[in-house]
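Quick notes on the structure that follows.
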Amino acid sequence: MTVLARAVEASRRYGDVLALDRVSLDIRAGELVGLLGPNGAGKSTLINLFAGLRRPTSGTVELLGGSPADPVTRRAIGVTPQETGLPESLRVGEIVAFAAAHYPRPADRDELLARFGLDGLVRRQVGGLSGGQRRRLAVALAFAGDPRLVFLDEPTTGLDVEARRALWDGVRAFHEAGGTVLLTSHYLEEIEALAERVVVVGEGRVLADDTVRAIRETVGVRRVSLVADDLPELPGVSGVERSDGRIHLVTPDSDRLVTALVLSGVPFSGLEIRPATLEEAFLAITARRTEPSDETRGAGPSDETKERSHA
Amino acid sequence: MPSLVLAHTRYQLLEQLRVPIGLLAGSLFPAISMLAFVVPFAGRDPRAATAATGSMMLFGAMSSALIGLALSVAQDREQPWNTYVRTLPAGPFPRFAGRILSTLAVMLVSVVPVLLVAALLTEATITPGRLALGLAALVAGCVPFMLIGLFLGFLLTFKAALAVSQIVFFPVAILGGLLLPPQTLPGFVEAVSPYVPSRGAAELIWAATSGVTPGPVPLVMLAVWTAGAAAAAAWAYRRDEGRRFT
């Protein structure tokens, strides 16, 4: 399959901060890839490299075999602006026309607006749109040039459920027609609803790159929280934290942990079990990956060699 | 490519026309100055009225060029929209051309009230040919101010650009003899006047509209300022690009 976007050992440094650390990634035509990671993990930096906004400090980043810095290469991609930055005084139709003017074969304006539930708003000024409408307009702009590859950075943050589903439908329709999507999100749910492949990034590195199902099993950890004086050794604990007089245990198997806790006979109270937040899940993944990380990194180039020999 | 220049010009113009405060500031002050000073004091003298009309047009155009560009560039740099526009498939040229063309359009619109006051309420006279020549001189004379505007816009934050562009604008306009004719300026001002770019631009316009011979020093200085401002604007642009997009 054609590789639309490729990063090879790409690193990006901002002053003393290493935002991306030797990331290698291929986005193939027709894929819907979710890029998952906590804030500061390097998701936006990676998208900025692909969109030609920044250059890698070392390594290479390509779009369709060309440089993202070349405007002609960028005709194949679409990017979402932050909805807070849309020019307030322009009308919806004018903004779409402005973006579309940059592409040789732009999408039909009315069809595009209808796809994102914005029909009838062509003459409305951006300043008069609701938050949800702005967000949908911002996402629609990524599709204005009828691109082959679309980058969606946090497309539904702050949207209500209905608006979110409408937006997801628009993204799905694009993908079903053969379009390729790289999507970032805080929300596991969003990635689950849309993506087939998930790339987990943390501290500037690719921690996992797999199907949604496999990642969910890795990330599907729970947080068991209780009050106790002292705890015995419990099975499957991947993280312990104490705060406000409570002990918080992060574990992939809360059933086994609670069974062991009860059988141990240790007195405890106020037991609570809830799914771990994505943040906690990442901490769990990162903690697990710290030791074998050199191994993982070592595996990166060999995977790549394999792919190259295929191509 | 021309269609992209058109798209960017259209975009910039729409932004400016929908929030016409800049347009008003650029055209109202010179028109009011015309009514307050030129009409009562020089209105009956065709020569003086014509020269004063040229000065006032330059005053308005200068403010659109210098203050207008400094503010729009500085503001755009602070908007996340700017980052999005960078991802669109176009090099820097269409955007730059769009800025310049829309600024020129606003500049030319802002001189209309001054021209109307001059035509209706003073004895200022001009032939269509000289008027066209005068407008060409106005555009040429404003080039260094556009470049200074770009320089400030790429160098400063919006708030700083707002203050600095005004602080630069008024003294330069006064020293150039735009508000009072050079002959009436105090001695020390007249000594400095030939070296500021506004004086060279004014001399160019006076020469185009009434055929007086411009002084050589102001014209040479205008060229020097244009070259210097071009270098400064290019430097500020590259510095800004390097900081945010490498």
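The values are calculated or read from the model by the stated rules, or taken from the named source; none is laboratory data. The model shown is predicted, which means the values in this text are computed figures rather than measured ones. Neighbour counts are summed over all protein chains in view; Cβ atoms, including those assigned to glycine, are modelled from backbone coordinates with ideal geometry.
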Which residue is modelled with the highest pLDDT, if the candidates are limited to region A:196-239 and must be in contact with a helix residue (DSSP H, G or I) (Cβ under 9 Å, 6 or more places away or on another chain) and in a helix (DSSP H, G or I)?
A:V212
Unique residue being within 21 Å of the chain's Cα centre (by Cα) and not in a helix (DSSP H, G or I) when the list is B:P214, B:P218:
B:P214
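Scan region A:196-229 for residues that are in contact (Cβ under 8 Å) with a residue 40 or more places away in the chain and more than 26 Å from A:R12 (Cα to Cα) and report the count.
Number of matching residues: 13.
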Looking at A:L261, A:L271 in this structure, which one is modelled with pLDDT of 65 or more, more than 27 Å from the chain's Cα centre (by Cα) and either outside the structural domain of A:P232 (by the TED database) or surrounded by 14 or more Cβ atoms within 10 Å (Cβ to Cβ) (or both)?
A:L261
Of everything in region A:112-133 that's of a type in the set (A, V, I, L, M, F, W, C) and away from chain B (no Cβ under 14 Å), which residue is nearest to the chain's Cα centre (by Cα)?
A:F116
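On the given criteria, is A:V198 surrounded by fewer than 23 Cβ atoms within 10 Å (Cβ to Cβ) and among the aliphatic types (A, V, I, L, M)?
On the way: surrounded by fewer than 23 Cβ atoms within 10 Å (Cβ to Cβ): no; among the aliphatic types (A, V, I, L, M): yes.
So A:V198 fails the test.
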Note on region B:152-211: residues assigned to a loop (DSSP other than H, G, I, E, B), among the aliphatic types (A, V, I, L, M), over 30 Å from B:Q79 (Cβ atoms) and touching a residue at least 24 places away in the same chain (Cβ under 8 Å) are B:L178, B:L179, B:V196
Residue satisfying condition, being more than 9 Å from every other protein chain (Cβ to nearest Cβ), buried (at least 20 other Cβ atoms within 10 Å of the Cβ) and either within 21 Å of the chain's Cα centre (by Cα) or among the basic types (K, R) (or both), within set A:R109, A:R136
A:R136
I'd like the residue in region B:13-47 that is crowded, with 16+ Cβ neighbours inside 10 Å and at the interface with chain A (Cβ under 10 Å from one of its Cβ atoms) and, out of all such residues, is modelled with the lowest pLDDT.
B:Q16
Based on this model, can you work out whether A:G42 counts as under 19 Å from the mean Cα position of the chain (by Cα) and farther than 22 Å from A:G178 by Cβ?
yes
Residues of region A:24-63 being away from chain B (no Cβ under 11 Å), touching a helix residue (DSSP H, G or I) at 6+ places or on another chain (Cβ under 7 Å) and aliphatic (A, V, I, L, M), which ones?
A:L32, A:L35, A:L36, A:V61
Out of curiosity, is A:P71 at the interface with chain B (Cβ under 10 Å from one of its Cβ atoms) and at negative phi?
yes
Exactly one of A:A163, A:A97 is out of contact with any Phe, Trp or Tyr (no Cβ under 8 Å at 6 or more places or on another chain), within 14 Å of chain B (Cβ to nearest Cβ) and in a helix (DSSP H, G or I), and that residue is A:A97
A:A166 passes all but one of the listed conditions (1) assigned by the TED database to the domain that holds A:F151; (2) under 30 Å from A:E9 (Cβ atoms); the exception is number (2)
Report every pair of residues separated by at least 6 positions or lying on different chains whose Cβ atoms are under 6 Å apart, first residue within region A:76-91 and facing chain B (nearest Cβ under 7 Å), second in a loop (DSSP other than H, G, I, E, B).
A:V79/A:A51; A:G85/B:Q79; A:S89/B:V19
A:G170 passes all but one of the listed conditions (1) over 17 Å from B:Y84 (Cβ atoms); (2) outside any loop (DSSP other than H, G, I, E, B); (3) out of contact with any Phe, Trp or Tyr (no Cβ under 8 Å at 6 or more places or on another chain); the exception is number (3)
